[in-house]
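Chemist: Let me begin by handing over the structure; questions about it come next.
Bear in mind these aren't lab numbers, they're just calculated from the coordinates by the rules spelled out. None of these values were measured; they are calculated from a predicted model. FYI the Cβ positions are ideal-geometry reconstructions off the backbone, even for glycines, and counts take in every protein chain you see.
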Amino acid sequence: MKTCYEKTSVEWHHATSREDARIIAGLANEVWTEHYVPLIGADQVVYMLERFQSSEQIYLDISENGMHYLWLSTNNKPVAYMAWQEKPAGNCFLSKLYVLKSHRGLGLARMMMKELIAVCQKNKYLKIWLTVNKGNSKSIEAYKKMMFSIRDMVVTDIGGGFVMDDFIMERML
């Protein structure tokens, strides 16, 4: 039987180092391979992992591109991560929020979202927005439970012959 986590039973790590980036890239590889191959295919998953979720790109995002990463561990095992970035007009873009399959449904995503909301409120952001694959119904429903709503649709050419076909979801603060 799965047990819900309390904030105190989870270790929180604000990513700042190459080692953090390596850990997050490992999480990304596991989550994306399991979750996204059925949605977008293995070729696009490999392309996106190499282009957007490699340890080098993650470290560049942290050190030079203004992206904030937070990863969680339980019993010294990395289990989840998220990334966000301030955008113009006081908006926060939630770029990534991923949890290992073995740890989904235990409240980790909700805990990370609460942390992000606290950061956004402290910085007086007006809203949090994100993009989510239109076929990713479980994530869409999870975001709706966290008070996000679908505001638009977007198809983004990401190179390599691939596109992201997403909903734009937002939550006002």
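Chemist: Quick check on Ser55: is it surrounded by fewer than 16 Cβ atoms within 10 Å (Cβ to Cβ) and either touching a His at 6+ places or on another chain (Cβ under 9 Å) or among the polar types (S, T, N, Q) (or both)?
Modeler: No: the conditions fail for Ser55.
Chemist: Output the residues belonging to region 101-133 that are assigned to a loop (DSSP other than H, G, I, E, B) and either over 18 Å from Lys87 (Cα atoms) or of a type in the set (Phe, Trp, Tyr) (or both).
Modeler: Here is the first cut: in region 101-133, the residues assigned to a loop (DSSP other than H, G, I, E, B) are 104-107, 123-126.
Result: Arg104, Gly105, Leu106, Gly107, Tyr125.
Chemist: A further question follows. For region 113-139, give me each residue that is surrounded by fewer than 17 Cβ atoms within 10 Å (Cβ to Cβ) and aliphatic (A, V, I, L, M).
Modeler: Hits for region 113-139 are Ala118, Val119, Leu126.
Chemist: Confirm whether Ala25 is surrounded by 16 or more Cβ atoms within 10 Å (Cβ to Cβ) and more than 23 Å from Leu106 (Cα to Cα).
Modeler: Considered against the rule, which asks whether it is surrounded by 16 or more Cβ atoms within 10 Å (Cβ to Cβ) and more than 23 Å from Leu106 (Cα to Cα), Ala25 comes out as no.
Chemist: A further question on this structure: It is to be established whether one or more residues within region 56-63 are among the aromatic types (Phe, Trp, Tyr), out of contact with any strand residue (DSSP E or B) (no Cβ under 9 Å at 6 or more places or on another chain) and farther than 24 Å from Phe167 by Cβ.
Modeler: Of region 56-63, the ones among the aromatic types (Phe, Trp, Tyr) are 59.
Filter again for out of contact with any strand residue (DSSP E or B) (no Cβ under 9 Å at 6 or more places or on another chain), leaving 59.
Next cut, farther than 24 Å from Phe167 by Cβ only: 59.
The answer is yes, given that some residue of region 56-63 is among the aromatic types (Phe, Trp, Tyr), out of contact with any strand residue (DSSP E or B) (no Cβ under 9 Å at 6 or more places or on another chain) and farther than 24 Å from Phe167 by Cβ.
Chemist: Okay, next question. Kindly indicate which of Asn123, Asn91, Asn136 is in contact with a His (Cβ under 9 Å, 6 or more places away or on another chain) and on the phi < 0 side of the Ramachandran plot.
Modeler: Asn136
Chemist: Oh, and also: Can you name every one of the helices (runs of 4 or more DSSP H) wholly within region 21-80 that holds 3 or more residues which are within 17 Å of Asn133 (Cα to Cα)?
Modeler: Working: elements: 37-40, 42-52, 55-63.
Counting at least 3 such residues, we get 37-40, 42-52.
Chemist: Then there is this: Considering each of Lys127, Lys114 in turn, give the residue that is within 15 Å of Leu173 (Cα to Cα), of a type outside the set (Phe, Trp, Tyr) and in contact (Cβ under 8 Å) with a residue 40 or more places away in the chain. Break it down into steps so the answer makes sense when it comes.
Modeler: Values: Lys114 fails: in contact (Cβ under 8 Å) with a residue 40 or more places away in the chain.
Being within 15 Å of Leu173 (Cα to Cα), of a type outside the set (Phe, Trp, Tyr) and in contact (Cβ under 8 Å) with a residue 40 or more places away in the chain holds for just one of Lys127, Lys114, which is Lys127.
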